[in-house]
Amino acid sequence: MAGGDVSVFHSHLQELPELIVRWGREMHFAFLALRRMGKPVLASVHGAVAGAGFSLMCAADLAIAAADTRFTLAYANIGANPDGGSTHFLPRLIGYRKAMELALLPERFDADTARSLGLVNWVVAGDKLAEETAKIAQRLAAGPTKAYAEAKRLMNQSLATSIETQMEEELFAFSRCARTADLKEGVTAFVEKRKPVFKGL
């Protein structure tokens, strides 16, 4: 996704300040829903990843990219600041200084650079993207999904809580996991030296 349609911005310059707020709130609602859902979100990216598309990728929990993907935050190129939560996600993903570099001096970079920065987890050949994405998605779907939901919630809140609070939250989450059939299956499989079969229960 290459972000907002700049030609639409141009054709609505007079009312653009109000439209940006309206359109942005709708977009932000969707991005927040992805971030808050109790399921891992896997972004599979190719082509141009720019502007709001870049922000959407950052909102995902995991990301896989085709080797020929090109990335840029791009907003400064049209005289705008980043949105879509990218000013929240980027400092946490890649650090303040690199985030500022991408925001202020938005150069294009390739998928290997995105991986080295920590923006994507995997880079694969373009013709293998769908296949590799499906493998990761199937692995996630076959995992302990209630434990995944707890891990995602804990990670999302971690930078806004103290270590003491976070550790308590981890214990309560682990306790909730201990009530699940998946934990019973995981522990039993470990003792029996076999692969667990999780069912999301």
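The values are calculated or read from the model by the stated rules, or taken from the named source; none is laboratory data. Everything numeric in this text was worked out from a predicted model, so none of it was measured. For neighbour counting, all protein chains shown are included, and Cβ atoms are generated from backbone atoms with ideal geometry for every residue, glycine included. Quick note on the areas: whole protein, heavy atoms, side chains included, nothing else; ligands and nucleic acids left out. Shrake-Rupley method; radii C 1.70, N 1.55, O 1.52, S 1.80 Å.
Numbers at a glance
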| item | result |
| --- | --- |
| Whichever residue in segment 171-201 is open to solvent by 90 Å² or more (accessible area, probe 1.4 Å), of a type outside the set (Phe, Trp, Tyr) and part of a helix (DSSP H, G or I) and, among such residues, is nearest to LEU154 (Cα to Cα) | LEU171 |
| Verdict on ALA48 being crowded, with 16+ Cβ neighbours inside 10 Å, in contact with a Leu (Cβ under 8 Å, 6 or more places away or on another chain) and under 21 Å from ALA114 (Cβ atoms) | no |
| Residues (crowded, with 23+ Cβ neighbours inside 10 Å and not hydrophobic (A, V, I, L, M, F, W, C)) located in segment 70-89 | TYR75, PRO82, GLY84, SER86 |
| All positions within segment 75-84 that are touching a residue at least 24 places away in the same chain (Cβ under 8 Å) and over 19 Å from PHE31 (Cα atoms) | ALA76, ASN77, ILE78 |
| Residue within segment 78-97 that is polar (S, T, N, Q), touching a Pro at 6+ places or on another chain (Cβ under 9 Å) and on the phi < 0 side of the Ramachandran plot present | no |
| Selection within segment 115-143 - hydrophobic (A, V, I, L, M, F, W, C) and either surrounded by fewer than 15 Cβ atoms within 10 Å (Cβ to Cβ) or part of a helix (DSSP H, G or I) (or both) | LEU117, ALA125, LEU129, ALA130, ALA134, ILE136, ALA137, LEU140, ALA141, ALA142 |
| Residue pairs meeting the criteria (Cβ under 7 Å; at least 6 apart or on separate chains; first within 13 Å of HIS46 (Cβ to Cβ), in segment 122-136; second among the small types (Gly, Ala, Ser) and part of a helix (DSSP H, G or I)) | VAL123/ALA111 |
| Failed item, numbered, when PHE29 is tested on (1) of a type outside the set (Ser, Thr, Tyr); (2) under 17 Å from MET1 (Cβ atoms); (3) touching a residue at least 24 places away in the same chain (Cβ under 8 Å); (4) out of contact with any strand residue (DSSP E or B) (no Cβ under 6 Å at 6 or more places or on another chain) | (3) |
| Considering residues of segment 91-114 that are of a type in the set (D, E, K, R) and within 12 Å of ALA66 (Cβ to Cβ) only, the residue least open to solvent (accessible area, probe 1.4 Å) | ASP110 |
| Lone qualifier among LYS146, LYS152 - being over 18 Å from the mean Cα position of the chain (by Cα), closer than 13 Å to GLY38 by Cα and either of a type in the set (A, V, I, L, M) or assigned to a helix (DSSP H, G or I) (or both) | LYS146 |
